[in-house]
1. Quick check: anything in the stretch 86-100 on the phi > 0 side of the Ramachandran plot and modelled with pLDDT under 90?
2. Can you pull out every residue in the stretch 54-85 that is under 17 Å from the mean Cα position of the chain (by Cα) and closer than 15 Å to ILE224 by Cβ?
3. Could you please let me know if VAL186 is over 17 Å from the mean Cα position of the chain (by Cα), in a helix (DSSP H, G or I), modelled with pLDDT of 85 or more and not charged (D, E, K, R)?
4. Report, by residue number, each residue of the stretch 137-171 that is among the small types (Gly, Ala, Ser) and in contact (Cβ under 8 Å) with a residue 12 or more places away in the chain.
5. For the stretch 50-91, enumerate the residues that are closer than 20 Å to PHE212 by Cβ, of a type in the set (Ser, Thr, Tyr) and either in contact with a Phe, Trp or Tyr (Cβ under 9 Å, 6 or more places away or on another chain) or buried (at least 17 other Cβ atoms within 10 Å of the Cβ) (or both).
6. I'm checking my understanding of the structure. Among residues of the stretch 38-49 that are surrounded by 11 or more Cβ atoms within 10 Å (Cβ to Cβ) and at pLDDT 75 or above, which one is farthest from ILE90 (Cα to Cα)?
7. Given the condition surrounded by 14 or more Cβ atoms within 10 Å (Cβ to Cβ) and of a type in the set (D, E, K, R), answer yes or no: does some residue in the stretch 184-200 qualify?
8. Give the stretch 83-101 a look and list any residue that's in a helix (DSSP H, G or I) and either without any contact (Cβ under 8 Å) to a residue 24 or more places away in the chain or of a type in the set (Ser, Thr, Tyr) (or both), or say none.
Amino acid sequence: MHLPEITISGEEIFEVAGFPVTNTFLFGLIVSLIILFLFVISFRKAKIIPGKIQNFCELIFESLFNFFSSITGNREITKEIFPLSATLFILILFCNLLEMLPGVGVFRFLRSPSSDLNFTIPLALISVLYLNFLAFKKFGISYSKKFLNFKNPILFFIGILEGVSEISRILSLAIRLFGNLFAGEVLLIVISCLFAYVLPLPFLALELLVAFIQALIFSSLITIFYATAVQHGHE
């Protein structure tokens with residue numbers, strides 16, 4: 001069977017008012033709408049005694065909150081970063097899982113956003129900027145001393161290192177997610193093209209595990225970064 005062309009970035013499939021729409025952007029938009037629809041349906045008529053769907057969603061949020069709280073060691077800090085961390089976990093998990101749908105990665109107009117650096121870099125950038133915004137909002141102008149401190153040359157140099165550290169965090173988050181999902185996508189495409197039945201199943205099971213772990217790692221690291229930023233602000 002002929003293997004489809006594999007590229008490290010999304011492929012443009014059409015334009016809207018001069019704006020190029022790639023297959024990864026389109027798929028990410030579809031995933032976002034699916035998530036939005038599911039949670040609107042689940043919580044549109046929230047009840048004190050929840051139904052099965054509402055109860056399932058609440059269980060997910062409660063489990064995530066308890067997990068992130070075990071990382072921060074402080075439920076108040078978790079409340080501040082939880083909306084971002086939970087959203088990242090759910091979004092990335094959905095993107096990763098939908099990668100395994102038949103045809104995704106094979107057909108030109110379908111490709112997982114997580115396998116495109118144009119998705120993972122902005123996601124990491126926005127996440128790191130937002131957690132720093134939360135820390136700045138919490139501590140005010142004093143938080144900026146983490147990056148700009150002119151009291152002495154040593155503190156000024158440390159501030160520069162902190163800035164470099166934030167950039168390295170963005171790159172490490174983006175490249176880790178991209179690398180694992182892109183490699184998994186390539187593996188699934190190759191195996192599926194060579195062996196249509198049975199043999200791809202163990203690789204699909206492995207990718208299910210990777211999909212969950214990568215979503216958990218990304219959201220956990222954002223939580224850790226915020227907890228560290230808050231601790232730094234208290235110093």
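The values are calculated or read from the model by the stated rules, or taken from the named source; none is laboratory data. These figures come from a predicted structure and were not determined experimentally. Cβ: placed from backbone, ideal geometry, glycine included. Neighbour counts: every protein chain shown.
1. Of the residues in the stretch 86-100, the ones on the phi > 0 side of the Ramachandran plot are none.
Within the stretch 86-100, not a single residue is on the phi > 0 side of the Ramachandran plot and modelled with pLDDT under 90.
2. Within the stretch 54-85, LEU64, PHE67, PHE68, ILE81, PHE82, LEU84, SER85 meet the criteria.
3. Working: over 17 Å from the mean Cα position of the chain (by Cα): yes; in a helix (DSSP H, G or I): yes; modelled with pLDDT of 85 or more: no; not charged (D, E, K, R): yes.
So VAL186 fails the test.
4. SER142, GLY159, GLY163 - these are the residues of the stretch 137-171 that are among the small types (Gly, Ala, Ser) and in contact (Cβ under 8 Å) with a residue 12 or more places away in the chain.
5. Matches in the stretch 50-91: SER69, SER85.
6. ILE41
7. At the first step, the residues of the stretch 184-200 found to be surrounded by 14 or more Cβ atoms within 10 Å (Cβ to Cβ) are 184-193, 200.
Next, from what is left, pick out any that are of a type in the set (D, E, K, R): 185.
There is at least one residue in the stretch 184-200 that is surrounded by 14 or more Cβ atoms within 10 Å (Cβ to Cβ) and of a type in the set (D, E, K, R).
8. The initial filter retains those residues of the stretch 83-101 that are in a helix (DSSP H, G or I), namely 83-98.
Within the stretch 83-101, PRO83, SER85, THR87 qualify.
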